[in-house]
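The structure appears below as structure tokens.
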Amino acid sequence: MSSIADNINSLRERIARAAGRTGLDGNAVSIVAVTKTRPAEEMDEVVLSGVDALGENRVQEALSKWDPPAPRSSVPWHLVGHLQRNKARKAAEIFSCIQSVDSLELVSALERACLSRGRRMDVLLEVNIGEDPDKFGVSKGDLPLLAEGLLERSTTLDLKGLMTVLPLGLDERRTRSLFASMRELRDGLGSRLGIELPILSMGMSDDFEYAVMEGSTMVRIGSAIFGKRRS
Ligand SMILES: *Cc1c(COP(=O)(O)O)cnc(C)c1O
């Protein structure tokens with residue numbers, strides 16, 4: 001078995017164990033393999049080993065690797081990195097989900113792009129829950145207005161939940177408490193808007209076990225599958 005397939009198996013085991021520690025079901029957690037900087041062949045391999053979606057950070061890099069009917073293009077692709085408004089049209093060519101929506105300007109650009117392609121798009125709102133000045137994402141306080149604005153003005157975007165990237169170097173207690181805040185934020189927003197928000201995208205290679213313990217439904221994993229990035 002290749003090491004990518006081995007790594008996926010041990011990832012699933014670690015997810016199951018972490019979920020079990022807080023009485024949750026690891027099978028309910030989907031895996032987005034983050035393939036930025038990774039070659040197309042490795043993307044095919046990870047898809048054949050069984051992941052739910054692929055995640056890319058940059059539209060241009062993703063477009064250069066998108067090639068149906070290659071195996072890699074048979075699962076949904078998620079944009080997990082920041083999206084500039086002027087790239088929205090290109091993003092709408094290949095991505096099934098934009099996880100990094102954080103402004104109404106971007107909502108409008110995506111709405112126009114989807115209308116012109118006659119398609120719908122899943123979106124997550126990115127929350128800067130750790131209030132890290134180096135991270136993208138809407139603040140906790142501005143989240144309700146962004147979500148309401150999206151529901152008001154969009155006919156093509158399906159709001160599915162929230163996403164976050166935590167600041168680096170937090171201890172277990174702080175990490176778990178921020179992930180727990182995300183879960184509460186998602187629950188509160190869902191009841192305020194009267195809609196289901198099934199997706200809570202949180203947890204990367206270094207913190208996914210804590211995220212799963214706190215109710216993550218989607219982890220975004222790069223280096224724990226492919227090894228450390230060189231760049
Ligand atoms: C790179 C990246 C990941 C995966 O990071 P790893 O630490 O390699 O697992 C997840 N989410 C986002 C937004 C990323 O940019």
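Mind checking which of Asp132, Asp158, Asp171 has the largest fluctuation in a GNM of the chain, springs on alpha carbons under 10 Å?
Asp171
Could you tell me which residue out of Gly55, Tyr210, Ala180 lies farthest along the dipole of the chain toward its positive end? Charges go on the beta carbon: Lys and Arg +1, Asp and Glu -1, centred on the Cα centre.
Positive-end residue among those listed: Gly55.
Fewest Cβ neighbours within 10 Å first, please rank Trp77, Trp66 accordingly. All intermediate terms of the calculation are to be shown ahead of the outcome.
On the way: Trp77 22, Trp66 18.
In order of increasing Cβ crowding within 10 Å: Trp66, Trp77.
Which of the lysines could a cross-linker bridge to Lys65, judged by Cα under 21 Å and excluding same-chain residues fewer than eight apart?
Lys36, Lys87, Lys90, Lys228
Rank the residues Arg14, Arg192 as a footprinting-exposure proxy: fewest other Cβ atoms within 10 Å of their Cβ go first.
Arg192, Arg14
Taking each pair of different alpha-carbon atoms in the stretch 3-226 once, compute 1/r for the pair, average those values, and report the inverse of that mean as the Kirkwood hydrodynamic radius in Å to one decimal. Write down the numbers at each step before the final one.
Details: mean 1/r = 0.0567 Å⁻¹.
Evaluated over the stretch 3-226, this radius sits at 17.6 Å.
Answer rounded, prolate or oblate for the stretch 102-209, using the Cα gyration tensor with square roots of eigenvalues a ≥ b ≥ c: rounded when a/c is under 1.5, else prolate when a/b is larger than b/c, else oblate. Mind showing how you got there, number by number?
Working: a/c = 2.11, a/b = 1.82, b/c = 1.16.
Verdict is prolate for the stretch 102-209.
Using a Gaussian network model on the chain with a 10 Å cutoff between Cα atoms, which of Gly26, Gly137, Gly169 fluctuates the most?
Of the options given, Gly169 has the highest mean-square fluctuation.
Where a number appears in this text, it was derived from the coordinates with a stated rule and is not lab data. Everything quoted here is computed from the prediction, not taken from an experiment. Neighbour counts are summed over all protein chains in view; Cβ atoms, including those assigned to glycine, are modelled from backbone coordinates with ideal geometry.
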